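Here's the structure, in structure tokens; my notes come after.
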Ligand SMILES: Cc1cc2nc3c(=O)[nH]c(=O)nc-3n(C[C@H](O)[C@H](O)[C@H](O)COP(=O)(O)OP(=O)(O)OC[C@H]3O[C@@H](n4cnc5c(N)ncnc54)[C@H](O)[C@@H]3O)c2cc1C
């Protein structure tokens, strides 16, 4: 057990205070920008601001993050067996080297600081707080033990400090994942693969241990609509037959029927590119010879969850069978049941509301990123809802920052966030984070892992202590 880091002595001197000392031109306008949320949207917003700087225009950026670790879902969402995707963090770290950039990790908006204060002190506030709450299925039995959301399961295996103690019961042979997008696929794959395939990854140690002891051998991934409507992406589908210890099943006939329907409704006889690629990848999955592995992953389409049943915990789930009529999904009235001990719903996310800003339909009420009548803007999942890959946030940030620059008035002459934060709070600045990062990487090295994630806030803060 480490010792608690020293009380922060607030050592920051904001660059805007040094303008005259540095002998900069009087014509230079420097604006103070607070970005809240250090996920992809936060870093790409900072990058877009840095790229917009000119001889007359400069930005002092403060990036505020509630966790002691930055990178958002790149750390706590992206699957551990997809390490290449996480290399985008190099871009984030480059953004952080800019002299006018400061990280305020371990500082939560709404608890440690108030939005009203940021609005007052900063020229612009950009909300990049993402979407962290799992959408509910709204069916009976959903709250039984053994029924959880991907919004708990994913951060559990990825070592998010708030989910270390999530109630994940793997003491069952069959698991069912509800949802037909990449998050559902990640959940299904992590449950169905042989955990030796995760040994050399940064899967949280507590999760790896539990996955090794897991009794799960059969995993279903289910979608309410047809294969042609699935939100999976083709590269993720194409990776499935490469799983060494898991046989993956899709009904070849269902894929052909989906192809015929897609063709029948296609404009000019051309199926949309994404759908065509997806169906092609699904065909490969369906027709790849199975190896007779004891672990399997099976996709079931046109299956709508109706009820989760069990006396004290999940014992089975009932699905209604849908069909497609004239392009519409219709309930046939027939049902089927899967006996299982774990149900994971992965049907989307919504944002956790923050005091001082209006949320509607799970995201911040905004007009193309502007929050009308305020100096607040929003980028990423907080703005758009939970859609789009990491790169989508880059173009989103660049579009919104154009509006920010367009709207700029005279820079404020005001204090920044440093005098607002309670001196009891340990601020994880960039150097502090770099020490945490280096310590995690060093701990992973002897085991051939990219890092070993520390999952307690207390120990994370201790890791970065000077
Ligand atoms: C399970 C999963 C797997 C994914 N896999 C991939 C993939 O393989 N490839 C890919 O391209 N995309 C993937 N994505 C999508 C990608 O992660 C998102 O597009 C991206 O992370 C959204 O960025 P964001 O910055 O809007 O939100 P987030 O990444 O969620 O970042 C939001 C940040 O805000 C912080 N925050 C929240 N509230 C506060 C507050 N009150 N005060 C201070 N800070 C706060 C959070 O702690 C977090 O760090 C995946 C998403 C999920 C859910």
Where in the range 310-397 are there strands (runs of 3 or more DSSP E), lying wholly inside it, with at least 2 residues that are within 24 Å of residue 183 (Cα to Cα) and assigned by TED's automatic domain parsing to the domain that holds residue 257? 316-325, 328-339, 342-345
The one condition residue 80 fails out of (1) under 30 Å from residue 206 (Cβ atoms); (2) surrounded by 21 or more Cβ atoms within 10 Å (Cβ to Cβ); (3) near the ligand (Cβ under 9 Å from one of its atoms) is (3)
Among the candidates 363, 453, 402, 383, which residue alone is more than 16 Å from the ligand (Cβ to nearest atom) and at pLDDT 95 or above? 402
Need the failing condition index for residue 299 against (1) more than 14 Å from residue 176 (Cα to Cα); (2) touching a helix residue (DSSP H, G or I) at 6+ places or on another chain (Cβ under 9 Å), just the number. (1)
Inside the range 318-360, can you point out the residues that are out of contact with any helix residue (DSSP H, G or I) (no Cβ under 8 Å at 6 or more places or on another chain), away from the ligand (no atom under 16 Å from the Cβ) and at positive phi? 326, 333
Does the range 52-71 contain any residue that is touching a residue at least 40 places away in the same chain (Cβ under 8 Å), within 23 Å of the chain's Cα centre (by Cα), surrounded by 16 or more Cβ atoms within 10 Å (Cβ to Cβ) and in a helix (DSSP H, G or I)? no
With respect to residue 136, determine if the residue is more than 11 Å from the ligand (Cβ to nearest atom) and farther than 29 Å from residue 395 by Cβ. yes
In the set 248, 177, 154, which member is under 30 Å from residue 459 (Cα atoms) and touching a helix residue (DSSP H, G or I) at 6+ places or on another chain (Cβ under 8 Å)? 154
Quick check on residue 207: is it in the same structural domain as residue 339 (by TED's automatic domain parsing), out of contact with any strand residue (DSSP E or B) (no Cβ under 8 Å at 6 or more places or on another chain), over 20 Å from residue 244 (Cα atoms) and modelled with pLDDT of 95 or more? yes
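Among what's in the range 88-133 and is on the phi > 0 side of the Ramachandran plot and touching a helix residue (DSSP H, G or I) at 6+ places or on another chain (Cβ under 8 Å), pick the residue that is nearest to the ligand (Cβ to nearest atom).
Ranking the candidates gives 130 first.
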Given (1) farther than 17 Å from residue 62 by Cβ; (2) touching a residue at least 40 places away in the same chain (Cβ under 8 Å), identify the lone condition not met by residue 392. (2)
Exactly one of 199, 162 is at pLDDT 95 or above, within 22 Å of residue 452 (Cα to Cα) and under 19 Å from the mean Cα position of the chain (by Cα), and that one is 162
Residue 215 more than 25 Å from the chain's Cα centre (by Cα), part of a loop (DSSP other than H, G, I, E, B) and not assigned by TED's automatic domain parsing to the domain that holds residue 81: yes
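The values are calculated or read from the model by the stated rules, or taken from the named source; none is laboratory data. All values reported here derive from a predicted model rather than from experimental measurement. Here Cβ is always computed from backbone atoms with ideal geometry, including for glycine, and neighbour counts include all displayed protein chains.
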